[in-house]
Every structure is written in C-alpha cells, then in structure tokens.
2 protein chains.
Amino acid sequence: MTIKSLEELFHETLKDLYFAEKKLVKTLPGMVKKAVSPRLKEAIQDHLSETEGHVTRLEEVFAMLDKKPSAKKCEAIEGLVMEADEVFAEIEDAETLDAAIISSAQTVEHYEIARYGTLVCWARQLGMDDVEAVLHKTLDEEKAADQRLSGLAEEYVNQKAAA
Amino acid sequence: MTIKSLEELFHETLKDLYFAEKKLVKTLPGMVKKAVSPRLKEAIQDHLSETEGHVTRLEEVFAMLDKKPSAKKCEAIEGLVMEADEVFAEIEDAETLDAAIISSAQTVEHYEIARYGTLVCWARQLGMDDVEAVLHKTLDEEKAADQRLSGLAEEYVNQKAAA
C-alpha cells in the first residue's frame, strides 16, 4: 500500500476505524457482562447499540466514496482492548472493576474521538460535506458516551470503589 | 498481580502511564525528524521536552506514594505507536505525511488525556490532593498539545496535504 494524497490517507484511516468499530461490537458485550453497577451496564449496552450504528454509518461513507467497505487491522484498538482485558483479569474487587471498566472504556472513546475528529477535519478540507456530516454525528455520540461514563464515575462508581 | 482496591488500581495505572511516557520520550524524536513543516517540528520538539517533564512528575508521584518508580508494559501505547509507524511507512507525499503525523500524535494525546483524566479523578476520590495537583498539570499540558496540533492542521497542514 502506498499513500500519495490526503484523500488516500482519509480512505486508509476509514478502513482502520471500520476495523475498530467492528472489534468494539464484539468486545462491548463482555464489558456489559463484567460490569456490576446496573447503570454502568446500561450505559455500555446503550453504547453498544450506538456502535452498531457507527459501523453502518462507516458503510454509508464507503458507499458515498464509491468504495467497498473494507477493514484494515487497527493495532491501536487491539492494544487498547488487550490492555483492558489484562487489567480486568487482575481485579478481584467488584467495585474496583467497575472503576476500571469506565477507565478502559474511556481510553477507547478517546481513541475514537481523536480519529473521528481528524476525519471530520479532513472531510471538510476535501470538500466532502455529506461525509463530514455523517462522521460528525458519530463524533458527537462518542463525546457524549465519554461524558456519560465520567458522570457515572464521579457520581458514585469511584466512591464505591474507594470505600 | 492481584488488584483489590481503587488505590491499587491507581498504582497499577500509574505504572502503565510511566511506561507510556518513557516510550514517547524515545518515539517523539523520530516524529520530529519525519515532519516537514518547521512549525510542526517545533510543536513536537516542544512536546518532547514536556514529555520528559511528565516522566519526572510521575517519578514525583511515585515518591509521594512511597513507591519506587516502576513501569508496566502498556499495550495501548505499543499499539498506537505501531499503528503510527505503519501509516508513516506507507506515505510517499511529504505534506500528507505531516497530516498523518498530526493525526497519530493526537491519538497518543487522547490516550494520555483519558488516562490522566481518570487518575486525577481517582486521586481526588482517594483524598490525595498533592498527587491530584501534580497530575493535573500534565493533563493540562496534554490538552494544550492536542489543541496546538489541531490548530496547525486547520491553519495550513491539511490544506497543503489536500493541494
């Protein structure tokens, strides 16, 4: 693979994110199961539904670019998920596990916020207004999911874990 | 390793971040070399100096907790850096490479923003005000570095890459 333009880099990054979102569709159910707090379970379950929508939106973007949806192994999401699994396996206390689940989920949210933020800027630069609008919806949902997790952590999860 | 409390999880996460910051001290010089735009080179060089300071601050935090500084392999930063290297190797156009460098650096910044954000909240919950203050300084610098990169991208880097 050789990348010679911003447009090609945009397309490669789209494939990376398509891999990441599909990986998360498989990974989030495990986090729902592991979480102890019902509100945390619900938040991750809701984000799983959103994530399925993000996969569909990326497929729409591929179609808008007249490309077939294709995934390219995303080393970043592999590392983030591996790190999360390692930490979860080490934790014996249920409340501490909830705090760790929020923390790990937020590292994933931030990866996506960075990537979608970049793709939105590149789409704007490339004059792809429709693509920009679709990606912006997902960016907003990733930011909202991150905020919701912060809210749960500060409201009661961290307090319970520290008790 | 078994984690039984938020305090122990805090300590483990500190080791993860210590590994990540030390890895970045080794990784950022390569990005300075690769970058074409002098202002981008300067921004990464400045952030390298800050990153050296972040390593020192983490050592201060270990000392405040009466712990020896120790690093624990951070799979996330390994994945983020591997992904960045893979993309850089594929790019043949110098202006597109600058856009990719900003994009990859921002995924790293966002990882750190997520991790320091969590550690600041946990330190507050655990009543470690001095530790919270030290980590907050780094959190602010990571956010500022991310903003500076966004500024360069929007000001001229993306435009040059799209030309």
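The values are calculated or read from the model by the stated rules, or taken from the named source; none is laboratory data. Quick caveat, the model's predicted, so the values are computed rather than measured. Note that we place each Cβ from the backbone using ideal geometry, even for glycine, and neighbour counts take in every protein chain shown. All accessible areas refer to the heavy atoms of the entire protein, side chains included, with ligands and DNA or RNA removed. Shrake-Rupley method; radii C 1.70, N 1.55, O 1.52, S 1.80 Å.
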- Take the alpha carbon gyration tensor of region B:6-162, find the square roots of its eigenvalues, order them as a ≥ b ≥ c, and report rounded if a/c is under 1.5; if not, report prolate when a/b exceeds b/c, else oblate. prolate
- Any idea what the relative contact order of region A:6-162 is, in percent, if you count C-alpha pairs under 8 Å spaced at least 6 apart? 29
- Query: Using a 1.4 Å probe on protein heavy atoms, which residues of region A:117-139 have at least 30 Å² less accessible area in the complex than alone?
  - Reply: A:T118, A:C121, A:W122, A:Q125
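For the full complex of protein chains and a 1.4 angstrom probe, list A:T56, A:T27 by accessible area with the highest value first. Before the final figure, lay out each step's value.
Values: A:T56 70, A:T27 30 Å².
Reading off the accessible areas and sorting them downward yields A:T56, A:T27.
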- Which residue, B:E83, B:E109, B:E60, tops the fluctuation ranking in a GNM of chain B built on C-alpha contacts under 10 Å? B:E83
- Message: In 5 Å bins starting at zero, report the fraction of Cα pairs in region B:43-109 per bin as a rounded %.
- Response: 4, 13, 18, 19, 18, 12, 8, 5, 2, 1
- Task: For the B and A pair, go ahead and give the buried accessible area with a 1.4 Å probe, both sides summed, in Å² to 100.
- Result: 3800
- Take the alpha-carbon centre of region B:1-72, take the same for region B:100-147, and report the distance between them in whole Å. 10
- Message: Which residues, if any, in region B:38-78 lose at least 30 square angstrom of accessible heavy-atom surface (probe 1.4 Å) when the other protein chains sit next to their chain rather than the chain being alone?
- Response: B:K72, B:E75, B:A76
- Note on the structure: Out of A:L40, A:V87, B:A153 - ranked by how far each Cα lies towards the positive end of the dipole of the protein assembly as shown, with unit charges on the beta-carbon of charged residues - the top one is A:V87
- Message: Can you give me the % of accessible surface on the protein assembly as shown that is carbon or sulfur? Probe 1.4 Å, all protein chains present, nothing else counted.
- Response: 49
- Set A:K72/B:K160; A:K73/B:K22; B:K72/B:K137; B:K22/B:K137; A:K22/B:K34, cut-off 29 Å on Cα-Cα distance; pairs above it are A:K22/B:K34
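Per residue, what accessible area does chain B have, given a 1.4 Å probe and all protein chains present, in Å²?
42
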- Message: With loop defined by DSSP as not H, G, I, E or B, and exposure as at most 15 other Cβ atoms within 10 Å, which is the longest segment of chain B clear of exposed trypsin sites (Lys or Arg not before Pro)?
- Response: B:74-163
- Name the long-range amide H neighbours of B:I3: under 5 Å, sequence gap of 5 or more, or other chain; modelled H, no Pro or chain starts. A:I91, A:E92
